[in-house]
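This report concerns only the one structure given below.
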Amino acid sequence: MNDNINNALFVQGFIRMCDDGFNQGWHERNGGNLTYRIKPEEIEEVKSELKDDGEWFPIGTSVPGLAGEYFLVTGSGKYFRNVILDPWANIAIVKIDDNGEKYKIVYGLEKGGKPTSELPSHLMNHEVKKRVTNGEHRVIYHCHTTNVIALTFVLPLEDKVFTRELWEMATECPVVFPSGVGVVHWMVPGGRDIAVETSKLMEMYDVAIWAHHGIFCSGADFDLTFGLAHTVEKAAEILVKTLSMQNYKLQTIEPQEFRNLAKDFKVDIPEKFLYDKTTKYVINTVDTTENKSIIRKSFKMKLFEGMEDEYERRHNELWPEMKEMIHEYGGHNYSIFLDKETNILYGYIELENEEKWAKSADTEICRKWWDYMADIMETNPDNSPVSTDLKNVFFLK
Ligand code: 2HA
Ligand code: ZN
């Protein structure tokens, strides 16, 4: 054991963060990983202890922006809870080659092993963050935060939904993560694909949520990065608790109040997160299930003969933008039934608001969908489907 390395502040900060994360319950078994881009002066301090005869291994992706850099990393399959007991069996210093294609271990992982399985994600995100923060960000942290994960099962997996819902949970949130949070749909961990998706988001955000998995965040130092993860998870915990009491909020922080907060705290918060929510998501400032009556609308349309399979196929592959638009304009539980004898299509949809829904017809995506469907069903001159409203004659809840 080498005192010179063990006493280095960046090593102590790293070990402490691993232990803090474990104590928060975010690192069951070998879950999670942490990497730190070591400063040149810190490497100087420990250089005499580093070995140079290690083997070069492919990173699995290319990070030319990190050529020649040194990183402190957790080991693949190692447990965060063991880092404090025996650091150098569980963590390592690695060096990146001059092309940003390979790495070698220059210290640590003394009992064998490899750097974290998420090394491609970490390094690609370090590369992005180094560029967009002019070298300020040095820490990338991935942890399995319980409450954030829980929310990925009940909230739409959209940046704007997660950002706004988390911001509303604690006044400090828009100040701690003013640029918001990004969301990555479920993906296989450990590879280049999830690394690419995450690094796209990290161009804009300091936090990416991995659906049904955890969070990924970036910061200038250990305190800021751990503090960021902690704040996001705390906000998520408050939301989970709130939703466990009832599925709506009686009151919350409103868009104008966020603008006032941003002004006083001198942070820029994008207007795209301050959208009008009253007709949108289930988790709403207005209770959509009790205080508001849902409008049940039914109508019929006509399909051309022989087009049944094609109509079904196109709907099975309904464009994600179209789904999102329908929800955004307050349409839910949309079903369409076909009478094979007459080729009549019966539609049923639940609406939050008729006027709002009427406006959906003016969206570009709706027009595009109509144009696309016009060859297989009866349409008006503007390609909208010929549709006749049906009268509701019975309802039992
Ligand atoms: O076990 O958390 O994402 C490490 C991980 C993989
Ligand atoms: Zn993980």
(request) Could you please let me know if Leu151 is away from ligand 1 (no atom under 14 Å from the Cβ) and in contact with a helix residue (DSSP H, G or I) (Cβ under 9 Å, 6 or more places away or on another chain)? (result) yes
(request) Output the helices (runs of 4 or more DSSP H) that fall wholly within the stretch 157-223 and possess 1 or more residues being more than 26 Å from Leu250 (Cβ to Cβ) and within 16 Å of ligand 2 (Cβ to nearest atom), or say none. (result) 192-202
(request) Taking only the stretch 129-143 into account, find how many residues are closer than 16 Å to Lys200 by Cβ and within 16 Å of ligand 2 (Cβ to nearest atom). (result) 1
(request) Kindly establish whether Ile105 is surrounded by 24 or more Cβ atoms within 10 Å (Cβ to Cβ), away from ligand 1 (no atom under 16 Å from the Cβ) and at pLDDT 95 or above. (result) no
(request) Kindly check whether there is at least one residue in the stretch 372-390 that is modelled with pLDDT of 95 or more, closer than 30 Å to Tyr275 by Cβ and assigned to a helix (DSSP H, G or I). (result) yes
(request) Give the stretch 60-83 a look and list any residue that's free of Cβ contacts under 8 Å to residues at least 60 places away in the same chain, surrounded by 16 or more Cβ atoms within 10 Å (Cβ to Cβ) and hydrophobic (A, V, I, L, M, F, W, C), or say none. (result) Phe71, Val73
(message) Checking the structure you have, find out if any residue of the stretch 101-119 is in a helix (DSSP H, G or I) and touching a residue at least 12 places away in the same chain (Cβ under 8 Å).
(response) yes
(request) Would you please list the contacts, defined by Cβ atoms under 7 Å and residues six or more apart or on different chains, that run from a residue in the stretch 200-217 that is farther than 19 Å from Leu151 by Cα to a residue that is of a type in the set (Lys, Arg) and away from ligand 1 (no atom under 11 Å from the Cβ)? (result) Met202/Lys129
(request) Tally the residues that are of a type in the set (Gly, Ala, Ser), crowded, with 16+ Cβ neighbours inside 10 Å and either within 16 Å of ligand 1 (Cβ to nearest atom) or in a helix (DSSP H, G or I) (or both), restricting the search to the stretch 1-59. (result) 4
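The values are calculated or read from the model by the stated rules, or taken from the named source; none is laboratory data. As the structure is a prediction and not an experimental result, all values here were calculated from the model. Cβ atoms come from the backbone with ideal geometry, glycine included; neighbour counts cover every protein chain shown.
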